[in-house]
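Written below as structure tokens is the structure these notes are about.
The values are calculated or read from the model by the stated rules, or taken from the named source; none is laboratory data. The structure presented is a predicted model; accordingly, all values stated were derived computationally and were not measured. We place every Cβ from the backbone using ideal geometry, glycine too, and count neighbours over all the protein chains shown.
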Amino acid sequence: MKTNSKNFGLVTKKFNNFLLVDLKNQENFGNSERFLCNVRKSINFKDQLIYVGDEVVIDNIDFKSKCAVITGLKKRKNLLNRPSVANISNIYIIFSVQEPELNLSQVNRFLISAESMGVEVSLVLTKCDLISDKRRSFLLDKFRKWGYQAITLNLQKSDNFKKLLAELKQKECSIFMGPSGVGKTTLLNMIFPGLQNTTAPVSNKIKRGKNTTRNVELFSISNQSYIVDTPGFNMQPLEVDISLLPNLYSEIRKQIIDEGFKCKFRNCLHLNDEGCNLNKSFERYSFYKEMIESFKSHYYQNQGD
């Protein structure tokens, strides 16, 4: 049975020239059916490709064969480049506290990369059964000063897991990001028991995880909530104007917004600039300074090419 009615759907998986699309039932929004779709060749999306997470218009819907045709593409809110996923609402940065050991500089780079996407960013610490309660409290306090209420998990038990699960069900489209071996795939398997992605133990030699996830796919966690299953080491390249970098640090934003401080010049980068009034005593200032210097070095190198 075919229908000429068209509706909006969400691309949940992409392979070859086909896409899987969840069609939302407008009369009972929240129920969805999944269709195998191709793109109408006569449609020109201004040379844009369609990605997982895109909202599309589908037509020629065949409810018997579960096939349809994509005839339109809605304007996307954002796009991650590696892996390619559209319309992310929340980014959860996942790091283990041990095996592999927590690297604060790397955590900072992931957080700032995520902040540059302009979405809500959260921090999750896994394998907390491998550290003492004192160490756990120390880390929670540290990241609170960074501006993040970190969630601590023991992936072998249910500590705080139910709280995280309830939170994820309130989000539109969340993605887990973090280096290999920190428990992203294990966490996904806990959320979706039927998923059973292959997991690999951390190498004893290099103390890093072996990536085992291959395809980008959205999984429904509630009527209106999805989680992205992603392959690889997915920290995004930081492509922002250097003048916007201070806004990605919550410690600097807080001074500007809550405390209303002002430097002499509007384009102050808060290094040794004349008339800078920034309180530089926060822990991440050294990371910030290194990042600014790296941006400057990259800029001057490009000018010389």
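Residue-wise test of (1) under 29 Å from ASP141 (Cα atoms); (2) at pLDDT 90 or above; (3) in contact with a Cys (Cβ under 7 Å, 6 or more places away or on another chain); (4) not in a helix (DSSP H, G or I).
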residue	(1), (2), (3), (4)
GLY232	no, no, no, yes
PRO246	yes, yes, no, no
GLU251	yes, yes, no, no
PHE261	yes, no, no, yes
ARG266	no, no, no, yes
LYS280	yes, yes, no, yes
PHE287	yes, yes, no, no
Positions within region 143-156 being over 18 Å from the mean Cα position of the chain (by Cα) and over 19 Å from PRO100 (Cα atoms), in sequence order: ARG144, LYS145, TRP146
Total residues in region 289-299, condition surrounded by 15 or more Cβ atoms within 10 Å (Cβ to Cβ) and at pLDDT below 90: 1
Qualifying positions in region 64-91 - among the polar types (S, T, N, Q) and in a strand (DSSP E or B): THR71, ASN81, SER84, ASN90
Selection from region 94-142 of residues that are small (Gly, Ala, Ser), within 11 Å of the chain's Cα centre (by Cα) and in a helix (DSSP H, G or I): SER113, ALA114
Region 120-140: number of residues that are in contact with a strand residue (DSSP E or B) (Cβ under 6 Å, 6 or more places away or on another chain) and of a type in the set (A, V, I, L, M): 4
Any hit, region 159-182, residues being among the basic types (Lys, Arg), out of contact with any Cys (no Cβ under 7 Å at 6 or more places or on another chain) and on the phi > 0 side of the Ramachandran plot: no
Residue under evaluation SER113, criteria (1) more than 22 Å from THR186 (Cβ to Cβ); (2) touching a helix residue (DSSP H, G or I) at 6+ places or on another chain (Cβ under 7 Å); (3) surrounded by 20 or more Cβ atoms within 10 Å (Cβ to Cβ), criterion not met: (2)
Filter result (under 15 Å from LEU111 (Cα atoms) and in a loop (DSSP other than H, G, I, E, B)) within region 144-196: GLY147, TYR148, GLN149, ALA150, GLY178, PRO179
